[in-house]
Amino acid sequence: MEEFKRIPAHIGIIPDGNRRWAQERGFPKKDGYRYGVEPGFILYELMLEYGIKEATFYGFTKDNNKRAYEQREAFTKACVDAVELLSGRDANLLVIGNNNSPAFPKELQKYANKRVMFGRGLINLNFLVNYDWEWDLNNLSENKQIASYQIPRIDLIIRWGGRRRLSGFLPVQSVYADFYIINEFWPDFKKSHFIESLRWYQDCDVTLGG
């Protein structure tokens, strides 16, 4: 195990490229999502190994619901499957998203917008499900705090799939996050991706504007 002097306390994960991965292999676009569940648990084990205290995964957004019906069904099922598998592990789960919308999976209502402890609760894992940044910020005027207030500032964001944008990912918490891009698609996740991101993070400036 490689040792690092600086470990980000909170990592954001944007697991992009599922549909492109499927298309390259001649599969329907929807099939890419189910191949994205296992990599999340390999990463979970790595984060425990390296002492990461918190991570936020991008599940799906309000805008993702504009996709074809079979794709919406597939990414929703992948999110539900991931949470059900996580319930047998050691983590404190927080599912953040607009659960008043019909797009929010009914299976996850019991976890919506509150933290739930699984097992020994070794890491805080946040899962953005039917998340919308406008919904998040609009809560500020109604309830004097953003909807995702329980999620702290992010130190490092890792995005798979080569895209160089936030795509609405927690705009408040991402304000000073360092951004590491991996060109390979999320279903092609390798442990080395994570190790390389930590290695890159060692030389990042952490002045926070000071």
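The values are calculated or read from the model by the stated rules, or taken from the named source; none is laboratory data. None of the values given here were measured: they were computed from a predicted structure. No Cβ is skipped: glycine too gets one built from the backbone with ideal geometry, and neighbour counts run over all protein chains shown.
For segment 116-123, the criterion of being at positive phi, surrounded by fewer than 21 Cβ atoms within 10 Å (Cβ to Cβ) and touching a Gly at 6+ places or on another chain (Cβ under 8 Å) is satisfied by at least one residue.
Residues of segment 179-205 that are without any contact (Cβ under 8 Å) to a residue 60 or more places away in the chain, loosely packed, with under 13 Cβ neighbours inside 10 Å and more than 19 Å from Ile42 (Cα to Cα): Asp203, Asp205.
The single condition from (1) modelled with pLDDT of 95 or more; (2) in contact with a strand residue (DSSP E or B) (Cβ under 6 Å, 6 or more places away or on another chain); (3) part of a loop (DSSP other than H, G, I, E, B) that Tyr180 fails is (3). Gln109 falls short of the stated requirement of being closer than 25 Å to Ala9 by Cα, without any contact (Cβ under 8 Å) to a residue 24 or more places away in the chain and either touching a Pro at 6+ places or on another chain (Cβ under 6 Å) or surrounded by fewer than 21 Cβ atoms within 10 Å (Cβ to Cβ) (or both). Within segment 66-85, being without any contact (Cβ under 8 Å) to a residue 40 or more places away in the chain and surrounded by 21 or more Cβ atoms within 10 Å (Cβ to Cβ) holds for one residue alone: Thr76. For beta carbons closer than 7 Å, sequence separation of 6+ or different chains, a first residue in segment 17-41 that is at negative phi and a second that is of a type in the set (Ser, Thr, Tyr) and assigned to a helix (DSSP H, G or I), the qualifying pairs are Asn18/Tyr33.
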